[in-house]
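Data block below; observations after.
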Amino acid sequence: MAFEPKTYQRWVFFGTGKYLEESDKLSTSQQRWYGVKDTGVKISGDADLTARQIQLHGTIDGHAVRAFEPYHRLDATSRGWFVNLEVPADGTPSERMVSDPLMVGRVLVAASILPSSDPCMSGGTGYLNAIDAFSGTSVQSSFFDVDGDGQFDDDVLGGGDNGTSRPVGSVNLNIAMPTSPTVVENLLVAGGSLGTAGAVGINNPLIKGRISWREIVGD
């Protein structure tokens, strides 16, 4: 849950899917990522929400990455947004969210997993995802530093013949299925289902350097 800074509107965020029973490992059901305004009035269903999309896929520095549709605000009448997670065309298990999200400024961050089609394996894959929490679209400023060069503007997809470039919104850390991430200063860190851990640099808006200054004059 979070409050939109400008309007103080309360929002609730969650993803669907589960990974508890043997049958879950092979599920190909469509799952979604949701952001819903908590107005105290019941919504009738997805028709009250705005559908958002994962639009681009690519690779940066050996990591599979994705981008959401370009940033734009929700219509005033929309009660929120949802994103359809991936359902692989080859019939392997679908993407789902089974861990807690977190907020970094107005960026919503959540892990998603795609289990292995072999129920005896603990592998699989997945992404750390970052989206503008209150629109369900790409973040307004680049968030991930996938290639680790300390710069963020070069971590984009699209542009040229593909249209407007937009920041990377999902990154595969190559640690199998990631756990819920945590922020350590300017890093987003997550464990993996094979016992390894990984990290990716982030543009953390909460780290701004000096907070206050006072001159100390000696005797």
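FYI, it's all coordinate maths here, none of it is from the lab. Given the structure is predicted, the values throughout are model-derived calculations rather than measurements. As a convention, Cβ positions derive from the backbone with ideal geometry for all residues, glycine included, and neighbour counts pool all protein chains shown.
Quick rundown of the values:
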quantity: Likely footprinting exposure, Ile113, Ile54, fewest C-beta neighbours within 10 Å first; calculated: Ile54, Ile113
quantity: Rounded FRET efficiency, nearest 0.05, which uses the C-beta distance separating Val12 from His72 and R0 of 25 Å; calculated: 0.70
quantity: For the chain, size of Cβ-based charge dipole, Lys and Arg +1, Asp and Glu -1, in debye; calculated: 820
quantity: Where labels lie 7 Å past Cα in the beta-carbon direction, separation of Ala64 and Ala51 in nm; calculated: 2.3
quantity: Cα extents of segment 109-156 along the three principal axes, largest first (Å); calculated: 41, 29, 13
quantity: Convex hull volume per residue in cubic angstrom - Cα atoms of the chain; calculated: 181
quantity: Charge-dipole axis of the chain as Lys and Arg at +1 and Asp and Glu at -1 on Cβ define it, positive-most pick from Gly62, Pro5, Phe144; calculated: Pro5
quantity: Estimated inter-spin distance, Asp100 and Asn84, nm [label 7 Å along Cα→Cβ]; calculated: 3.1
quantity: Modelled FRET efficiency - R0 45 Å, Gln151 with Ser23, Cβ distances, 0.05 increments; calculated: 0.50
